[in-house]
Amino acid sequence: MRYAIYFTPRQDEPLARIAANWLGRDPFSAATRPVEAVGDLSAAEVAFHTASARRYGFHATLKAPFRLARNETEASLRAALDDFAEVTSQVVIPRLVVGQIDGFFALVPEAPFAPLNNFAGEVVRAFDRFRAPLTEAEIERRSPDSLKPQEFRNLCQWGYPYVFETFRFHMTLSGRVGPQESPRLRAAIDSLFAEVLQRPVPVDALTLFVETEPGAPFMALSHHALGRRPARKTA
């Protein structure tokens, strides 16, 4: 069993609904749904291109999937998320746009946004005590030879290559797409998300996801709204 701390919009928000329809799965429920044709893409093409993203559900990674440390429990993790969320303010992303990272399509901030990166770093630090150390097999699955030195150091220290200065906020919408297929896929995604991406996106909660067994779809387990009371003052 693995857990992950993600950002995802509430189930009833337009961005979440559109993404669930595109991916063919809502991570807040066990239900899958048949994908539909979008633009010039057939339903079969959409299903093919979204297969890898479908298992994880629509999300942005803040604390990458991890096994629980021996001295921690799901209950202690959820309690810590409540405590963190109560004293942490939300961050509002001015605008998300469709981008391509390492060949896959995702929603990304239109411009670098330091408050978002700082917030993500706080999450990484605050919850690292809940993470069991990576095994050698888990490190190998990250293809360490392909990582830059800082990314490899992050992987060993924090369990994920892309944290702090290498963090890239993204909400994945597809698997890797070749250059010949990219224009059609981008056009379909643009047409589907264009209207909803005109509005700012508040990162207003942390959502705990769980993978109950290797290869199982990630499911939203608990939702923790940010900023429910002022931060505690320290001397």
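The values are calculated or read from the model by the stated rules, or taken from the named source; none is laboratory data. Predicted, not measured: the structure shown is a model, and the values here were computed from it. Cβ coordinates were reconstructed from backbone atoms using ideal geometry, including for glycine residues, and neighbour counts include every protein chain displayed. The area values use the complete protein model at the heavy-atom level, side chains included, leaving out ligands, DNA and RNA. Shrake-Rupley method; radii C 1.70, N 1.55, O 1.52, S 1.80 Å.
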- Could you give me the percent of Cα pairs per 5 Å distance bin for the stretch 85-222, shortest bin first, beginning at zero and ending with the bin that holds the maximum distance? 2, 8, 14, 17, 21, 19, 13, 6, 1, 0
- Query: Using only helices, what value at 222 nm comes out for the chain when you add -39,500 (n - 2.57) per DSSP H run of length 4 or more and divide by the total residues, to the nearest 500 deg cm²/dmol?
  - Reply: -9500 deg cm²/dmol
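Over the chain, give the accessible area per residue in Å² for a 1.4 Å probe, as an integer.
Numbers: 11920 Å² over 235 residues.
Result: 51 Å² per residue.
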- Could you give the semi-axes, largest first, of the ellipsoid that matches the stretch 1-82, computed as the square roots of 5 times the alpha carbon gyration tensor eigenvalues and rounded to whole Å? 30, 13, 10
- Amide H contacts under 5 Å for residue 28, restricted to residues at least 5 apart in sequence or on another chain and with H modeled in the peptide plane, are 220
- Message: Using the Cα centre of the stretch 97-229 as the reference point, and only Cβ charges (+1 on K/R, -1 on D/E), how large is the resulting charge dipole? Debye, rounded to the nearest 20.
- Response: 300
- Sorted by accessible surface (1.4 Å probe, heavy atoms of the protein chains only), largest first, 166, 207 come out as 166, 207
